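**Q** Below is the structure I would like to discuss, written out as structure tokens.
The values are calculated or read from the model by the stated rules, or taken from the named source; none is laboratory data. Here the structure is a predicted model, which means the values were calculated and not measured. Note that each Cβ is placed from the backbone with ideal geometry, even for glycine, and that neighbours are counted across all protein chains shown.
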Amino acid sequence: MKHGITIAFVNHKGGVGKTTSVHQIGASLVQKGFKVLLVDNDPQANLTFMNGWNEENETTIYDAIAEGNENLPVYEISENLFLTPSELDYASLELQLPTDPLGHFALRTILENQKKEYDFVLIDNPPTLGVFVSNALFAADKVVIITESSSLSAKGLQVVVDLIQKLKKGANKSLELLGLVLTKTSNYVVRRDTADWIREQYDVFETGIRQTVSLEEAAALQQNIFDYNPKSSGAEDYQNLTNELLKKLNIKPIKGKKKAVKK
């Protein structure tokens, strides 16, 4: 029986590795036997690009939200991996959705009809805390904050945490913050010290994502890191991060099987 666990990946700062993390964790979950839907909730459509989707005449998340459809458009990328693509036109809804009394719940309403078809639904989000992110947080069961181990990234983390706690007390009481993921870690003193400070202040995943050019190369070539360079530090880190994520959710990875089994 599929769980339909929906996880939103957020941060108001760009360039911290949200899209890369959604892409790689999704690929890793598929390797472990799960059926995964990736939802590109960002008008920049970087997750759509990374998955090699370039069908200009097909419907996207923009069409579904703008027209109030009952279902999101879903396309199969590979076995057990599915994508709801985005496009630049989606940005036009940023001003329209807040004027709709139910505008902050548009994604939740649509996704509710489909989430149980998948073991996991992973939502990538723009680097803001606006209406697109609130839609994702209202739709999600869990949330992960992705943050670079730098002082600029650390500066605004409390704002993100406070927003999640506010929504948890309000319209989405089941929302759970699974923790923070540190990306682009290195042995530079300033990054190491910043990472240590973040770990002291917040609940952080033990697995950090080391800075490596392989992840950038894989994204540019529209490949996941496991296909592009399975022996790289990026592949190792995202494999370990996915294992840790499953452990937090109390779910066993089942290699070679199509359904998730909960302990």
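**Q** Would you mind telling me which numbered condition in (1) farther than 14 Å from LEU38 by Cα; (2) assigned to a loop (DSSP other than H, G, I, E, B) SER86 fails?
**A** SER86 satisfies all of (1) farther than 14 Å from LEU38 by Cα; (2) assigned to a loop (DSSP other than H, G, I, E, B) except (1).
**Q** Quick check on my filter: what residues within region 96-127 are over 14 Å from the mean Cα position of the chain (by Cα) and within 25 Å of LEU157 (Cα to Cα)? Full working, then the answer.
**A** Applying the first criterion (over 14 Å from the mean Cα position of the chain (by Cα)) to region 96-127 yields 96-119.
Matches in region 96-127: PRO98, HIS104, PHE105, LEU107, ARG108.
**Q** Looking at (1) assigned to a loop (DSSP other than H, G, I, E, B); (2) polar (S, T, N, Q); (3) modelled with pLDDT of 95 or more, can you tell me which one ASN187 breaks?
**A** Single failed check for ASN187: (3).
Table: residues versus (1) without any contact (Cβ under 8 Å) to a residue 40 or more places away in the chain; (2) under 23 Å from HIS23 (Cβ atoms).
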residue: SER151; (1), (2): no, no
residue: THR194; (1), (2): no, no
residue: GLU216; (1), (2): yes, yes
residue: GLN222; (1), (2): no, yes
residue: LYS231; (1), (2): yes, yes
residue: ASN250; (1), (2): yes, no
residue: ILE254; (1), (2): no, yes
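**Q** Looking at region 101-132, which of its residues are more than 19 Å from ASN71 (Cα to Cα) and assigned to a helix (DSSP H, G or I)?
**A** VAL131
**Q** Could you please tell me which pairs satisfy a Cβ distance under 7 Å, a separation of 6+ or placement on different chains, a first residue in region 107-134 that is within 19 Å of GLU87 (Cα to Cα), and a second residue that is β-branched (Val, Ile, Thr) and part of a loop (DSSP other than H, G, I, E, B)?
**A** Partner pairs satisfying both residue conditions: none exist.
**Q** If I filter region 28-38 for residues that are within 19 Å of GLU76 (Cβ to Cβ), among the hydrophobic types (A, V, I, L, M, F, W, C) and assigned to a loop (DSSP other than H, G, I, E, B), do I get at least one hit?
**A** Of the residues in region 28-38, the ones within 19 Å of GLU76 (Cβ to Cβ) are 28-38.
Imposing the further condition that a residue be among the hydrophobic types (A, V, I, L, M, F, W, C) reduces the set to 29-30, 34, 36-38.
From what's left, assigned to a loop (DSSP other than H, G, I, E, B): 34.
Yes.
**Q** Give me a count of the residues in region 190-221 that are farther than 24 Å from GLN158 by Cβ and part of a strand (DSSP E or B). Don't jump to the end; show me each part of the working.
**A** Going through region 190-221, the residues farther than 24 Å from GLN158 by Cβ turn out to be 210-221.
Subset that is part of a strand (DSSP E or B): 210.
Matching residues across region 190-221 total 1.
**Q** Would you confirm, using the coordinates I've provided, whether GLY52 is over 25 Å from PRO253 (Cα atoms), in contact (Cβ under 8 Å) with a residue 60 or more places away in the chain and loosely packed, with under 14 Cβ neighbours inside 10 Å?
**A** On the way: over 25 Å from PRO253 (Cα atoms): yes; in contact (Cβ under 8 Å) with a residue 60 or more places away in the chain: yes; loosely packed, with under 14 Cβ neighbours inside 10 Å: yes.
Taking the combined requirement at face value, the residue satisfies it.
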